[in-house]
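Heads up: the structure comes next, in structure tokens.
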Amino acid sequence: MEFDTLLRRRRMHRSFTDEPVKIEQVLALCEAAIRAPSAGFTQGTELIVVTDLGRIRNIFELITTEDWLRNSPTHGGLLQAQALIFPIVNKPAYLARYAEPDKADTGMAFEDAWPQPYWTVDASFATMQLLLKVVDIGLGATFMGIYHGVERLRDLLALPHGLEPLGIVCVGHSASKKTTGSPRRRQRREAVTLIHHEHW
């Protein structure tokens, strides 16, 4: 697929069919994610992949509320996701990397020295590459933040101390080609309003 076409087709899919996703497709998404750039080539973004449908249901039970289930028009289709991929933010890996001899003179072995949290930046890069690969292989996906049940989810995923999920990429076969969510209610801003030349 041409890259410009891929960019135009990329969107968040919030409703899926119950058609299975092949494990080879899930692994292709993960391979795309881990090819993302990383500060100091730390390669600190790791992924947790969940494809067991019972486990997926358990995760949704942990992270959703009755109000959300009652008020979200697409939750039924979202719960049909066939794979969940968690990009994991590994801040300790970055602090350890920048304590190594070739980086020690940067002074960035301590969190306060970083002008931006590159552990989060890099996990975001990886997530975007994953979302683009989703389009490339003909699947649908959405990214969800985790607002409820974080500690219980950490236990379920057996996350080591210091590692945090950036969110969840829900993957499946899209149930609809229609635009949903905020893009349906808000127009895309023109490039001229977003791109500033030489100064703001």
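At-a-glance table
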| read-out | value |
| --- | --- |
| Only listed residue being surrounded by fewer than 19 Cβ atoms within 10 Å (Cβ to Cβ), on the phi < 0 side of the Ramachandran plot and in contact with a Lys or Arg (Cβ under 7 Å, 6 or more places away or on another chain), chosen from K91, K103 | K103 |
| In region 1-37, the residues that are acidic (D, E), more than 27 Å from S72 (Cβ to Cβ), modelled with pLDDT of 95 or more and over 14 Å from the mean Cα position of the chain (by Cα) | E24 |
| Members of region 18-33 that are of a type in the set (V, I, T) and out of contact with any strand residue (DSSP E or B) (no Cβ under 7 Å at 6 or more places or on another chain) | I23 |
| Residue in region 88-103 that is touching a helix residue (DSSP H, G or I) at 6+ places or on another chain (Cβ under 9 Å) and more than 23 Å from G162 (Cα to Cα) present | yes |
| Which numbered condition L27 misses (of (1) in contact (Cβ under 8 Å) with a residue 60 or more places away in the chain; (2) among the hydrophobic types (A, V, I, L, M, F, W, C); (3) under 17 Å from L130 (Cβ atoms); (4) not in a loop (DSSP other than H, G, I, E, B)) | (1) |
| Residue count for region 162-200, restricted to those that are in contact with a strand residue (DSSP E or B) (Cβ under 7 Å, 6 or more places away or on another chain) and modelled with pLDDT of 90 or more | 12 |
| Test: residue in region 147-170 that is of a type in the set (G, A, S) and free of Cβ contacts under 8 Å to residues at least 40 places away in the same chain | yes |
| Some residue of region 56-69 being farther than 29 Å from V21 by Cα and at pLDDT below 95 | yes |
| Test: residue in region 69-78 that is under 16 Å from T142 (Cα atoms), assigned to a helix (DSSP H, G or I) and not small (G, A, S) | yes |
| Filter pass, E46 being of a type in the set (D, E, K, R) and under 15 Å from P165 (Cβ atoms) | yes |
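The values are calculated or read from the model by the stated rules, or taken from the named source; none is laboratory data. Everything numeric here is computed off the predicted structure, so don't read it as measured data. Virtual Cβ from ideal backbone geometry, glycine too; neighbours counted across all protein chains shown.
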